[in-house]
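The structure appears below as C-alpha cells.
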Amino acid sequence: MRHDRSPDGDLPPVAGPHLHVLSVVSMGLLAIFLAAVLALVVADVGYTDWETVVGLFRSREVMAAIRLTAVTSTLTLMLVVVFSVPAGYALSRYRFPGHTLADTVVDLPIVLPPVVIGVSLLVFFTTAPGRWIEGMGFRPHSVAAIVLCQFFVAASYAIRSAKAAFDSVDRNLEHVALTLGCTRAQAFRMVSLPIARGGLIAGAIMAWARAVGVFGPLMVFVGSIRMKTEVLPTTVYLELTIGRIEVALAVALVMLAMAFIALAFIHWLSSGRRWWGL
Amino acid sequence: MVASDHLPARCGLLAVLVAGLIGLWACGKDEPAPELRLLCYVGGTMRPAVEELLRIYEEKTGQKVELDYGDSGTNLIKVEMRRWGDLYVAHDPFLAPLMNKGLGTQGWTVAAISPVIVVPKGNPKGITGAADLARPGLRLGLTDPEYSTLGHICPVIFDKVGLRAEIEANVDTNMRMGGQVANAVAVGNLDAAIVWNAVAHLRADKLDTVDIAPPFLPDPDVDVVTSATFGEVDMSYIKVFIATLESSRHPRAARACAEFIASPEGKAVFARYGFSPVRESDRGRAAAAGGPLRLYCGAGLRPAVSEIVQAFAAETGVVVECDYAGSGMLMSRVKLQREGDLFLPGDVWYLDQIDKEGLVESRTMVTYFVPVMLVQKGNPKGIGTLEDLTRPGVRLGLGNPDACQIGRITEQILTKNAVDMEAIGKNLTFHSVTVNELGLQVQTGRVDAAIVWDAIAAYYADSCDTVPIPLAQNEISRVAIGVLRFSEHKEMAGRFVDFAAGENGKAIFARHHYRVEPPA
C-alpha cells in the first residue's frame, strides 16, 4: 500500500486530472460516490433542524454519550495500535507452524456480524474463565466492557492492514539497514515503520471508525444504560425506537462532525515526513 | 533521515488530547455512586413511561434505578446470561419464558396494549378503518409474523374484516419491530401500518391514529396463539408487566419499586403514554373473583408451579401472582400480612402451624418431596452415606431450618440417624434460605454436597450427581396447597387448587420430576 508521498520523496508528484478515458471514468465514479454520500447527509440535515441539534448539547444524557464515545473509541484505538502493529509485523515477517490458520483467524471477527461478537462475549462470561475475569473486578456495565466490544470488532481491520503494509515494504531495504549496522529493532523503527506508515494509519483510521460505530454487540453485552454505557450509536437506536427520528438524525450529524474532525486530525498528524512519535 | 520539525509539536498535541480525554472521563465520574442502585431492563416502547415513573419514584424515595433498554427478547437473553439486575419490564409474551426459566420471581400487570392503524399526519389517504386497508395501491406496513406478537394478530383482524387476501396484497414491508414500521409511515415511505397504541402515541406529533373497530379485534374466548417458546398468549389482551428478577441482590428494594410502578399512580402514568388500562376483570370470567390471586409458594416448587400458573392463566384468564421463598419465611409473611389466597409450602407442617390460628380454609395434597444428597458430577468426594457428610474436608450446604422445609427436614434426618452434629457444623459452608440455592452451590462447585429435594436434584441432573438416602433413614415431605381463610376469592382459589391437583397440574409436576404419588 503506497502513500501518496513516499518518505524519501523519490516518487514523481501526483498529477492533476487530464482528459482521457481513465481520468474521466475514475473522476466520474468518484464524483458519483461523493454526491451519493452528500445526498444522504443533506437529507439528514433536511429532516432535522438546528434547534434539535443545539438541544442535544443541553441534554446531560447526550453529552455523556458523546464523552463516552470519544473516550472509549480513543482507548480502543490505542489498544488496537498496541496490538495490531506488532501482530501485523509478525504475520508479515515470520513463518511459523499454523501461520495460515492464524492469518484466517485474524479475519474471523470481520466476517462475523458484530452482534455475534456480543452474544459470544455474553456466553463467554458465563464460563469458568469468564467468571474468573469477572471475579477480578471486570464488570459488564463498564467502560472496559465497551472497549472490549469495540476492540473485537475493530482489531482485525488494523491487523489486516498492518500486515498488508509490512508486506509491501521491500525487505531488501531492511537487509541493507542491517548490513549498515542497524539492529533488528532499529531496522524496524527506522526503515520498515516509516515505509509502512501509510498503511498503518489507514488501518488505525478504519479501526477507530469501526469502534465509533459499534452498536450490535454493545446492545447485547453491555446494554444501554443512560449516563453509564450509552454511546452515540446507542442513542441513535434509542431515539428511533421511540420515534424521535429528527433527534436520531441530529445525533447522527454530531457523530458525522466528530468523525470529520477526528479524521482531519489524524490526516494532519500523519502529514509529516516521519512516523510521528517514533 | 532527519527528524521532522513539527514532530515535538505534534507529540505535544497528542499528549494534550489524551490528557483531555482522560479528564473528560474523570469528570463523567463526579457523582459518587450511592450504596444501592437497582437495574431495570426495559423494552423499547415502555421506555418513556418507565423513565418518568422512576424519576417520580426517585424523588419520593431517593432510590436510584438505572435502566437498560433494548428489545424485550434481547433483554431476556441478557437477564439469562448475566444473572444480574433487579427488574424487567416488557409486554406479552415475555413473562412466560421469564418465569419458566426461573429468572423472574414475581410479575405485576401494569398496562395493556392494543393494535391501531397509524397514518401520516393529516391522514392524506382518508383511511377510516381496517376495511380501508384493502384499498388497491395502498402501501401497508406490518410487523413480522415470525418475530412479533402483533404479526400474529394482524391476520386475525384481516380475517374478521373479511378482506385478508386484499389487505395482504397491499403489504409493502414486514419489519421486525412496530417502531420501525411506524417510523416508515412517519417519514412517508408507507401510507399506513398497524402498530400498538403506545407505539403510535410516542409519535403523535408525526402520525394520526385510526382505531380498529372492536368487532374486528381478537376475541378473548377464541383467539389464542400458541408458540413453542412462549406458551399460550391471549391475543385480545396483550399485557405490559414488570417482574422482579431472581438475580436481584436487593429483592426488597426491587419489590418496592415494582409495587410502585404497579400502583394506581404508576398505571396512570402508563395511561398518559397511550397504553390501554389493565382489565380489572377478564370480561366477566374472573369478575366474580375480583383481582388476581396471590399464591405463597415454597421456592423448591417453583419450576412446576410457574408453569401451572401460566397454564391456569391461559385456561381461565386469571392471573396468579406468586411469592416464592423458603416456606418458613412465607409462613411468617402469611401470619403477619393476613392477605393472599393460597399457601403452598414445602410440607403440610406449615399449614398445621398457621391453622392453629384458624387460617386454613381447606387443603389438598399435591406432591411429595424425597430428600437426597446432591454431589458434584462423578462424586469426587465419594459420598455414599449420611455419615460421609461428617468427614473432614467435605464442604457442606444445608438449608436453614427456620427459613425453609429442606432445612427443617435435614435436621430431622440427621438427628434420627444420630449423625455427629458437631462435625456437620464444622463442614457447613453454606446455610441457605431456599432449596434452590443449594443446587446452584453444588453446580458451581462452592460446596461438595448438599441435601435437597429429589425434584431439585433432577433439575441439576446434567451437572451434578444424586446419592439417594435409604428410605428407612429418610423423611418424606408431604406437600399440600391450602386456601387461606382470609382469601377474598375463595371460589377462584378453589378452581386453582382443582387445576393444580388435577390432571393438568399432575402432568406438569411429573414433567418437572415431582412425585405425584408417595414413594413406595
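Taken together, the values in this text are just the output of simple stated rules run on the coordinates, not laboratory data. Nothing here was measured: the structure is a model prediction, and the numbers come from that model. In this analysis, Cβ positions are derived from the backbone assuming ideal geometry, glycine residues included, and neighbour counts consider all displayed protein chains.
When chain A is treated as a GNM with alpha-carbon contacts under 10 Å, the residue of A:HIS20, A:HIS267, A:HIS141 showing the greatest mean-square fluctuation is A:HIS20.
Positive end of the dipole of chain B (Cβ unit charges, origin at the Cα centre): among B:ALA112, B:THR385, B:ASN504, the Cα lying farthest that way belongs to B:THR385. Exposure proxy shown here: for B:THR61, B:THR434, the number of other Cβ atoms within 10 Å sets the order, fewest to most, as B:THR61, B:THR434. Between the alpha-carbon centers of the stretch B:365-440 and the stretch B:40-109, tell me the distance in whole angstrom. The distance from the Cα centre of the stretch B:365-440 to that of the stretch B:40-109 comes to 35 Å. Counting only Cβ charges, +1 for Lys and Arg and -1 for Asp and Glu, the dipole size of the stretch B:371-468 around its Cα centre is about 140 debye.
Working from Cα pairs under 8 Å separated by at least six residues, relative contact order for the stretch A:55-269 is 32 percent. In degrees, nearest 10, range 0 to 90: what is the angle between the Cα axis of helix B:149-161 and the longest Cα principal axis of chain B? Between helix and principal axis, roughly 60 degrees.
Angle check, please: helix A:232-241 long axis (alpha carbons) against the longest principal axis of chain A (alpha carbons), in degrees 0 to 90, nearest 10. With rounding to tens, the tilt is 40 degrees. Ordering B:THR149, B:THR466 from the fewest to the most neighbouring beta carbons within 10 Å gives B:THR466, B:THR149.
Here is the list for the stretch B:399-503: trypsin sites (Lys or Arg not before Pro) lying in DSSP coil, each with at most 16 other C-beta atoms within 10 angstrom of its C-beta, are B:ARG446, B:ARG485.
What order do you get for B:367-380, B:258-271, A:221-234 when each peptide is scored by the mean count of other beta carbon atoms within 10 Å, highest first?
Peptide ranking by packing, descending: A:221-234, B:367-380, B:258-271.
Each of A:GLY118, A:GLY199, A:LEU108 was placed along the dipole of the stretch A:81-224 (beta-carbon charges, centred on the mean Cα), and the one lying farthest toward the positive end is A:GLY199.
Peptides B:206-217, A:149-160, ordered by how many other C-beta atoms sit within 10 Å of their residues on average, highest first, read A:149-160, B:206-217.
Within straight-line reach of B:LYS356, meaning a Cα separation under 19 Å, sit the following lysines at least 8 residues removed in sequence or on another chain: B:LYS335.
Scalar couplings 3J(HN,Hα) for the stretch B:462-467, obtained by applying the Karplus form with A = 6.51, B = -1.76, C = 1.60 to θ = phi - 60°, are 6, 10, 9, 10, 10, 10 Hz; x denotes Gly and Pro.
Computed about the Cα centre, the dipole magnitude for chain B is approximately 680 debye when only Lys and Arg (+1) and Asp and Glu (-1) carry charge, each at its Cβ. Look at where the Cα atoms of the stretch B:328-355 and of the stretch A:93-159 average out, and the two centres are 50 Å apart. In chain B, Cα pairs under 8 Å separated by at least six residues give a relative contact order of 15 percent. Within straight-line reach of B:LYS426, meaning a Cα separation under 18 Å, sit the following lysines at least 8 residues removed in sequence or on another chain: B:LYS381.
The angle between the Cα long axis of helix B:7-27 and the main principal axis of chain B comes to about 60°, on a 0 to 90 degree scale. B:LYS490: which aspartates and glutamates have alpha carbons under 20 Å from its alpha carbon, excluding same-chain residues fewer than 8 sequence positions away? Leaving aside aspartates and glutamates fewer than 8 places away in the same chain, those within reach of B:LYS490 are B:GLU280, B:ASP282, B:GLU315, B:GLU321, B:ASP323, B:GLU339, B:ASP341, B:ASP352, B:ASP355, B:GLU357, B:GLU361, B:ASP498.
Less than 5 angstrom separates the built amide H of B:ALA192 from those of B:ARG139, B:GLY141, all sequence-distant by 5 or more or on a different chain.
Estimated from helices alone, the mean residue ellipticity of chain A at 222 nm is -23500 deg cm²/dmol (sum of -39500 (n - 2.57) over DSSP H runs with n ≥ 4, per residue). When the Cα centres of the stretch B:143-214 and the stretch B:468-520 are compared, how far apart do they sit, in Å? If we compute the Cα centre of each part, the gap is 45 Å.
What does the charge dipole of the stretch A:86-213 about its Cα centre add up to, to the nearest 20 debye, if the Cβ of each Lys and Arg holds +1 and the Cβ of each Asp and Glu holds -1?
180
Counting, for every residue in A:225-234, the Cβ atoms of other protein chains within 10 Å of its Cβ and taking the mean gives 3. When each of B:GLU315, B:GLU166 is scored by the number of other beta-carbon atoms lying within 10 Å, the sequence from fewest to most is B:GLU315, B:GLU166.
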